[in-house]
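*Asks:* Questions regarding the structure given below will be posed in turn.
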Ligand code: ACO
């Protein structure tokens, strides 16, 4: 769906990020499972990942990223009337991590809920926030992707444990001048692929029991090659469609920020889109795959690095468990674009 010309819009006013202090390198992993630094780097592009402390939860990283985003947006926590946290690793199954976060930030009883769309969570969440703000129903939304994936990582499974890390990224969404902010989006899903990437136990299908723990069913299970093939196709299609819906051509895209799952997926999707690599943000080498945190983390880093300027067209593209996919094109705001 593209935003309707002349209708009020919503866009990102500020971004923030947080990562845990502890770093786990590929060399560390060599001592834990049968793998090598060379295999991990060439197959995934990952060199290290940041790992949460034992007492660090998704809401803790979300809090740090949110404080930074609010400061960069020059918005007070009391002004926030909508909080959406995208996560597959909430603090608890309930209450929602968004409620815990809103309380800790000192927001004034905002609407708050979690959203689960696998690694596409942030793209889904920012689209929902944009619609709720552009409608006029809400004024200041806080959208966060936060994950402690290492809590659901099977450290005995070399095929998955080398891939994941912990992080959070946050964005403040507010009203803006028509023709700026979020210009278009594409969201989709195919539940027939639900079994290629899941955490089998701990939900209502398979409650927690001694057997489920023994059988290691509370960890990420993944058919990597199936996800790989799906990812390249889904990213290419949704990115192209979203760019067209924004009324833009690939040459108009100043920055491409894909979900960071594998450097080969990122470069293959950029090639498919015809985008040169100097317009692609890639930080997987430092953080690994941080699921719904990866896109806002990369966006916040790109902004800090001065790679984002007012008027730039930025393409965010995600894919993940569900299977889900999503893309959005946004035009970065000038202070004068805010409404
Ligand atoms: N170290 C050494 N060897 C390994 C490792 C490892 N860490 N992991 C797997 N291997 C071996 C396999 O056993 C296999 O050996 P075999 O040929 O003797 O059987 C060989 O390497 C090749 O394995 P593949 O799985 O075919 O390797 P592939 O090139 O597909 O790379 C990878 C695997 C990196 C997982 C890739 O498929 C990928 O990135 N897929 C997408 C993953 C993804 O995006 N997931 C999103 C999940 S996020 C979420 O929603 C929580």
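The values are calculated or read from the model by the stated rules, or taken from the named source; none is laboratory data. None of the values given here were measured: they were computed from a predicted structure. Cβ: placed from backbone, ideal geometry, glycine included. Neighbour counts: every protein chain shown.
*Asks:* For the structure I just gave you, tell me whether residue 34 is exposed (fewer than 13 other Cβ atoms within 10 Å of the Cβ), farther than 30 Å from residue 113 by Cβ and either touching a residue at least 40 places away in the same chain (Cβ under 8 Å) or under 20 Å from the mean Cα position of the chain (by Cα) (or both). Steps first, answer last, please.
*Replies:* Numbers: exposed (fewer than 13 other Cβ atoms within 10 Å of the Cβ): yes; farther than 30 Å from residue 113 by Cβ: yes; either touching a residue at least 40 places away in the same chain (Cβ under 8 Å) or under 20 Å from the mean Cα position of the chain (by Cα) (or both): yes.
Against the criterion (exposed (fewer than 13 other Cβ atoms within 10 Å of the Cβ), farther than 30 Å from residue 113 by Cβ and either touching a residue at least 40 places away in the same chain (Cβ under 8 Å) or under 20 Å from the mean Cα position of the chain (by Cα) (or both)), residue 34 qualifies.
*Asks:* Turning to a different aspect of this structure: Please work out which one of (1) closer than 30 Å to residue 14 by Cα; (2) within 14 Å of the ligand (Cβ to nearest atom); (3) touching a strand residue (DSSP E or B) at 6+ places or on another chain (Cβ under 8 Å) is the condition residue 200 fails and give its number.
*Replies:* Failing condition for residue 200: (1).
*Asks:* Only one of these is surrounded by 17 or more Cβ atoms within 10 Å (Cβ to Cβ), modelled with pLDDT of 95 or more and not in a loop (DSSP other than H, G, I, E, B): 256, 219. Name it. Write out each step before concluding.
*Replies:* Details: 219 fails: not in a loop (DSSP other than H, G, I, E, B).
Only one candidate passes the filter, namely 256.
*Asks:* Mind checking whether some residue in the stretch 64-71 is surrounded by fewer than 18 Cβ atoms within 10 Å (Cβ to Cβ), touching a helix residue (DSSP H, G or I) at 6+ places or on another chain (Cβ under 8 Å) and touching a residue at least 40 places away in the same chain (Cβ under 8 Å)?
*Replies:* Yes - at least one qualifying residue is present in the stretch 64-71.
*Asks:* Ok, one more. Quick test for you: out of 141, 111, pick the one residue that is away from the ligand (no atom under 16 Å from the Cβ) and free of Cβ contacts under 8 Å to residues at least 40 places away in the same chain.
*Replies:* The conditions single out 111.
*Asks:* Identify, please: which residue in the stretch 237-253 is part of a loop (DSSP other than H, G, I, E, B) and surrounded by 18 or more Cβ atoms within 10 Å (Cβ to Cβ) and is, among those, farthest from the ligand (Cβ to nearest atom)? Spell out how you get there, then give the answer.
*Replies:* Looking only at the stretch 237-253, we keep the residues that are part of a loop (DSSP other than H, G, I, E, B), and these are 246-249, 253.
Then keep just the ones that are surrounded by 18 or more Cβ atoms within 10 Å (Cβ to Cβ); that gives 246, 253.
On the way: 246: 26, 253: 22 Å.
Once the filter is applied, the top-ranked residue is 246.
*Asks:* Residue check: is residue 201 outside any loop (DSSP other than H, G, I, E, B) and either loosely packed, with under 15 Cβ neighbours inside 10 Å or at pLDDT 95 or above (or both)?
*Replies:* Numbers: outside any loop (DSSP other than H, G, I, E, B): no; either loosely packed, with under 15 Cβ neighbours inside 10 Å or at pLDDT 95 or above (or both): yes.
Judged against the criteria, residue 201 is not a match.
*Asks:* Go through the stretch 115-129 and give me each residue that's over 26 Å from residue 176 (Cα atoms) and in a loop (DSSP other than H, G, I, E, B). Walk me through it before giving the result.
*Replies:* Of the residues in the stretch 115-129, the ones over 26 Å from residue 176 (Cα atoms) are 116-119.
If the condition is that a residue be over 26 Å from residue 176 (Cα atoms) and in a loop (DSSP other than H, G, I, E, B), then 116, 118 are the ones that fit.
*Asks:* Of all residues being closer than 28 Å to residue 303 by Cβ and surrounded by fewer than 15 Cβ atoms within 10 Å (Cβ to Cβ) in the stretch 3-21, which is modelled with the highest pLDDT? Just the residue, please.
*Replies:* Step one: of the stretch 3-21, the residues closer than 28 Å to residue 303 by Cβ are 3-5, 7-21.
Going one step further and asking which of them are surrounded by fewer than 15 Cβ atoms within 10 Å (Cβ to Cβ), we end up with 4-5, 7, 21.
Working: 4: 55, 5: 53, 7: 66, 21: 97.
Once the filter is applied, the top-ranked residue is 21.
*Asks:* What's the number of the only condition in (1) farther than 18 Å from residue 18 by Cβ; (2) within 18 Å of the chain's Cα centre (by Cα) that residue 109 fails to meet?
*Replies:* So the condition that residue 109 fails would be (2).
*Asks:* Also, I was wondering about something else. Looking only at the stretch 280-325, which residues are farther than 23 Å from residue 73 by Cβ and part of a strand (DSSP E or B)?
*Replies:* The answer is 280, 289, 317, 319, 320, 324, 325.
*Asks:* Continuing with the same structure: Quick one: in the stretch 227-236, which of the residues that are free of Cβ contacts under 8 Å to residues at least 40 places away in the same chain and more than 8 Å from the ligand (Cβ to nearest atom) is surrounded by the fewest Cβ atoms within 10 Å (Cβ to Cβ)?
*Replies:* 229
*Asks:* Condition first: out of contact with any strand residue (DSSP E or B) (no Cβ under 6 Å at 6 or more places or on another chain), assigned to a loop (DSSP other than H, G, I, E, B) and surrounded by 22 or more Cβ atoms within 10 Å (Cβ to Cβ). Now tell me which residues in the stretch 130-181 satisfy that.
*Replies:* If the condition is that a residue be out of contact with any strand residue (DSSP E or B) (no Cβ under 6 Å at 6 or more places or on another chain), assigned to a loop (DSSP other than H, G, I, E, B) and surrounded by 22 or more Cβ atoms within 10 Å (Cβ to Cβ), then 162 is the only one that fits.
*Asks:* Go through the stretch 94-106 and report how many residues are in a loop (DSSP other than H, G, I, E, B), in contact (Cβ under 8 Å) with a residue 12 or more places away in the chain and within 17 Å of residue 203 (Cβ to Cβ).
*Replies:* Residues that pass the stated criteria total 1.
*Asks:* Would you please list the contacts, defined by Cβ atoms under 6 Å and residues six or more apart or on different chains, that run from a residue in the stretch 38-63 that is at positive phi to a residue that is assigned to a helix (DSSP H, G or I) and within 16 Å of the ligand (Cβ to nearest atom)?
*Replies:* Sorted first by the residue in the stretch 38-63, then by its partner, the pairs are 45/263; 45/284; 45/285.
*Asks:* Right, next: If residue 271 meets every condition in (1) buried (at least 17 other Cβ atoms within 10 Å of the Cβ); (2) over 13 Å from the mean Cα position of the chain (by Cα); (3) under 29 Å from residue 189 (Cβ atoms) apart from one, which number is that one?
*Replies:* (1)
*Asks:* From the list 24, 29, pick out the single residue that is part of a helix (DSSP H, G or I), surrounded by 17 or more Cβ atoms within 10 Å (Cβ to Cβ) and within 16 Å of the ligand (Cβ to nearest atom). I'd like the intermediate steps shown before the answer.
*Replies:* On the way: 24 fails: part of a helix (DSSP H, G or I).
Every option except 29 fails the conditions.
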